[in-house]
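Report on one structure; see the data block that follows.
Every number in this text was worked out from the coordinates using simple rules, so none of it is lab data. Note that the structure is predicted; figures quoted are calculated from it, not measured. For neighbour counting, all protein chains shown are included, and Cβ atoms are generated from backbone atoms with ideal geometry for every residue, glycine included.
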Amino acid sequence: MIKVDEALQVILKNIKNLDSETVMLTDSLDRVLAEDIYSDYDLPQFDNSAMDGYAIKATNAKGATKDNPKVLEVIEDLRAGFLAKRILKDKQAIRIMTGAVIPEGADSVVIVEDTQRCVIDKVNPVRNTQAAEKRIKISNGVKIFKEVKAKENIREVGEDIKKSELVIQKGILLKSAHIGILASLGKPKIRVTRKPKVAVLATGDEVIDVDEKLTPGKLHSSNTYTLYSQIINCGGIPKNLGIARDKPEQLEAKIREGLDCDLILTSGGVSVGDYDLVKFILAKMGTDIKFWKVAMRPGKPLAFGTISASAGKKIPIFGLPGNPVSSMVSFEVFVRPAILQMLGQKNDDRKEADAVLEENISKKKGLRYFLRAQTRWGDGIYLTKITGPQGSGILKSMALANSLMILPEEEENIEKGRRVTVRFLD
């Protein structure tokens with residue numbers, strides 16, 4: 001019987017990265033980036049206003065207060081997407097909108113909330129021997145009620161991204177913000193890792209599909225659908241092979257249907273019963289079985305190996321336990337990391353943390369336990385407790401869990417108040 005960490009190492013040594021494909025940016029959400037992204041230019045490419053307001057010289061607002069405003073002449077209105085037609089001079093202002101290019105001569109923006117439009121007097125020379133000058137009132141003035149510093153409320157060139165900067169690394173799972181960056185960099189298409197095709201096969205004479213009527217001794221194949229959804233959740237494409245009865249020829253035929261996939265999952269038939277045929281059939285088909293049985297609970301009866309397909313291709317295959325919780329936990333511990341390695345994904349969203357145990361727990365020494373738990377944040381720490389009965393057939397306790405409580409092999413009795421490791425499932 002192999003330990004959990006050793007089993008995972010064996011699995012990952014036999015998992016190869018998949019090739020890449022080019023997709024439209026609009027189809028790249030939750031795909032794994034297959035290339036490093038460098039910027040061809042600065043972002044933003046020009047100094048621009050971070051707020052609606054007035055572009056000014058900061059020195060012209062020095063000493064400005066509500067009771068003692070500075071009055072400037074407004075010489076132009078400037079919208080985003082356009083350039084100023086005039087150069088800003090001393091004691092002048094340009095009305096500016098968010099995102100507009102900072103006019104030549106301006107070095108700051110005073111926000112509109114700290115201003116008020118006003119009428120100002122302006123000298124209008126009259127070439128007349130009778131009068132030297134004449135003052136007229138005009139409405140293009142603004143009162144400034146607050147000082148600003150140079151560069152205040154200005155987004156500077158390259159403030160977000162510098163030219164030639166490595167912006168997004170290969171292996172990142174693309175989220176909405178990444179897609180926004182790629183759009184900003186003018187990337188309509190992007191290279192991503194091809195999604196792995198994963199075959200799912202349920203086994204057993206007692207198993208029927210969800211649309212069949214239950215009769216005594218039969219049960220619906222929940223594993224088919226939990227595994228199907230788990231595959232999608234971590235970026236794979238499931239292929240449902242249906243249900244194989246406990247007949248060697250049928251089981252072999254069904255497994256062969258999955259040889260066009262990148263990974264094969266079977267559930268059930270890997271224990272020690274007379275009709276647990278999966279391991280026997282895999283060996284008959286020439287599968288290189290790397291291990292069978294893992295020192296864990298739930299999920300102890302678990303087989304892994306590689307099976308030959310066409311052109312010498314070796315396909316990883318998992319023989320997962322038949323009990324529904326054992327199957328789900330085994331997927332989480334072993335299959336999910338395998339799929340992420342196929343994708344070359346670096347930023348896994350499964351986080352581990354220390355949590356304080358809210359109850360006493362006893363376990364069998366020599367096995368690593370993965371208990372279904374509800375973990376919450378309280379008083380500056382994580383607190384955790386199990387979600388109810390932990391039998392490997394009790395799927396409801398898995399539905400109530402937001403985490404797995406991981407208890408090490410050497411422990412037997414863990415007392416309330418101890419710190420334990422939890423792995424979040426969302």
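For the stretch 48-155, the mean projected area of the C-alpha convex hull, equal to one quarter of the hull surface, is 7.2 nm². Note on Leu404, Leu219, Leu88: ascending count of other Cβ atoms within 10 Å places them as Leu219, Leu88, Leu404, the fewest first. For the stretch 312-426, what value does the Rg/Rh ratio take when both radii are computed over Cα atoms and Rh is the Kirkwood radius, given to two decimals? My calculation of the ratio gives 1.01. Checking [x] 68, 26, 17; [y] 30, 27, 24; [z] 36, 25, 19 against the coordinates, the calculated semi-axes √(5λ) of the Cα gyration tensor in Å falls under label [x]. When all C-alpha to C-alpha distances in the stretch 351-406 are sorted into bins of 5 Å, what percent of pairs does each bin hold, rounded to whole numbers? Pairs per bin, as whole percents: 4, 19, 29, 25, 17, 5, 1. Among Thr98, Thr287, Thr266, the ranking by other beta carbons within 10 Å of each residue's beta carbon, starting with the fewest, stands as Thr98, Thr287, Thr266.
Taking each of Lys163/Lys195; Lys89/Lys162; Lys247/Lys284; Lys62/Lys89; Lys279/Lys314; Lys13/Lys284 in turn, the alpha-carbon distance tops 25 angstrom for Lys163/Lys195; Lys89/Lys162. If you take every DSSP beta bridge whose two residues both sit in the chain, what share of them, in percent to the nearest 5, is antiparallel? So the antiparallel bridges in the chain amount to around 70 percent.
Near the amide H of Ile168, within less than 5 Å, lie the amide hydrogens of Ile37, all on another chain or at least 5 residues away, with H placed in the peptide plane. With both labels modelled 7 Å from their Cα along Cα-to-Cβ, the Arg86 to Ala50 distance reads 2.8 nm. The length gained by stretching the chain between Met1 and Lys170 to full extension, at 0.36 nm per residue less their Cα-Cα distance, is 57.2 nm.
Within the stretch 352-424, DSSP assigns beta bridges of which about 90% are antiparallel (rounded to the nearest 5).
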